[in-house]
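Below you'll find the structure, written out as structure tokens, and then a few comments.
The values are calculated or read from the model by the stated rules, or taken from the named source; none is laboratory data. The structure displayed is predicted, hence computed values, not measured ones. Every residue, glycine as well, gets a Cβ built from its backbone with ideal geometry; the counts of neighbours run over all protein chains shown.
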Amino acid sequence: MFFMGHLYFSGIGTKMNVNKAFDHFHQASLQCHPIAQYYLGVCYEYGLGTMINKPLAFKWYEKSASHDQNIVGKFALGNCYEKGIGIMNDEGMAFNWYIKAANNGHTNAQYCIGNYYQQGIYVNRDYKLAFYYYGLSAQGESIFGINMLGYCYLNGIGTSIDKSKAFELYLKAANMKYSIAQYNVAVCYEDGVGTTKDFENAMGWYKKSADNGYELAIKRLDKLSENSLLETKEKDVGKFNLYLCPCFISYL
């Protein structure tokens with residue numbers, strides 16, 4: 001049942017059909033299939049093949065998380081507690097479920113735990129542990145972990161400042177099409193952080209980030225475009241005044 005649901009959900013080997021996927025996930029979930037229970041939670045959370053129902057999403061994530069080795073269910077349950085999805089927000093419960101998923105290799109849970117330690121949410125602020133968990137997340141190729149590890153190297157959070165390493169990590173995440181990392185790469189090129197100043201490259205990365213919907217990149221790109229246009233106009237005006245200046249003509 002779960003396998004057929006996954007095929008319909010992803011469109012692998014057949015036409016995507018979230019209604020059929022939901023039906024198969026539901027039947028498999030009633031038979032206590034942990035991954036099907038997770039996907040059923042996803043369907044209820046986002047209204048895929050059914051109406052959005054956040055409390056039911058939480059219920060099925062909770063059932064999924066109850067299986068010892070099911071880290072996706074544990075991560076999803078942590079996310080529910082953090083964001084108040086189908087349940088009241090509870091940072092302590094969020095941390096507890098995230099840490100269970102993180103310590104079993106879930107890369108985005110490792111990133112979240114890094115955030116908790118870096119910001120001192122629920123736990124005491126601990127930059128060394130933040131750096132450690134961001135590092136684990138980055139090793140697992142999480143774009144969020146890679147980007148935040150770059151942030152740690154840039155600002156000396158839990159490690160020594162290494163701007164070249166920060167740029168390298170930002171660039172890696174940017175090449176994985178993460179809009180925030182693309183913005184960070186653009187800033188590095190604009191200001192010469194960890195790399196040589198390169199305005200053309202900066203504009204290129206701001207555009208990629210903006211095209212991926214990152215608001216700060218859109219605003220920065222607009223600002224730089226305005227400044228560039230203004231500078232061009234000022235140069236043109238300067239040339240015009242120069243050629244009409246009597247003192248300049250007198251030297252000819």
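Among the residues of region 100-132, those identified as of a type in the set (A, V, I, L, M, F, W, C), part of a helix (DSSP H, G or I) and either touching a residue at least 24 places away in the same chain (Cβ under 8 Å) or touching a strand residue (DSSP E or B) at 6+ places or on another chain (Cβ under 7 Å) (or both) are Ala101, Ala102, Ala109, Cys112, Leu129, Ala130, Phe131. So in region 61-99, with the set limited to residues that are acidic (Asp, Glu) and under 23 Å from the mean Cα position of the chain (by Cα), which one is surrounded by the fewest Cβ atoms within 10 Å (Cβ to Cβ)? So the residue we want is Glu91. The single residue among Phe131, Phe95 that is outside the structural domain of Lys59 (by TED's automatic domain parsing) and hydrophobic (A, V, I, L, M, F, W, C) turns out to be Phe131. Reported count of residues in region 191-205, each being under 20 Å from Lys219 (Cα atoms) and touching a residue at least 24 places away in the same chain (Cβ under 8 Å), is 1. Of all residue pairs spaced 6 or more apart or on separate chains, none has beta-carbon atoms under 7 Å together with a first member in region 168-189 that is in contact (Cβ under 8 Å) with a residue 60 or more places away in the chain and outside the structural domain of Gly204 (by TED's automatic domain parsing) and a second member that is in a helix (DSSP H, G or I) and charged (D, E, K, R). I'd like to check something: does region 60-76 contain any residue that is out of contact with any helix residue (DSSP H, G or I) (no Cβ under 7 Å at 6 or more places or on another chain), under 14 Å from Ser29 (Cα atoms) and without any contact (Cβ under 8 Å) to a residue 60 or more places away in the chain? Scanning region 60-76, I find at least one residue that is out of contact with any helix residue (DSSP H, G or I) (no Cβ under 7 Å at 6 or more places or on another chain), under 14 Å from Ser29 (Cα atoms) and without any contact (Cβ under 8 Å) to a residue 60 or more places away in the chain, so the answer is yes. Filtered by the rule that a residue be in a loop (DSSP other than H, G, I, E, B), surrounded by 12 or more Cβ atoms within 10 Å (Cβ to Cβ) and either outside the structural domain of Asn79 (by TED's automatic domain parsing) or among the polar types (S, T, N, Q) (or both), region 1-56 gives Asn17, Thr50, Asn53. All conditions but one from (1) in contact (Cβ under 8 Å) with a residue 24 or more places away in the chain; (2) outside any helix (DSSP H, G or I) apply to Met148; the one that does not is (2).
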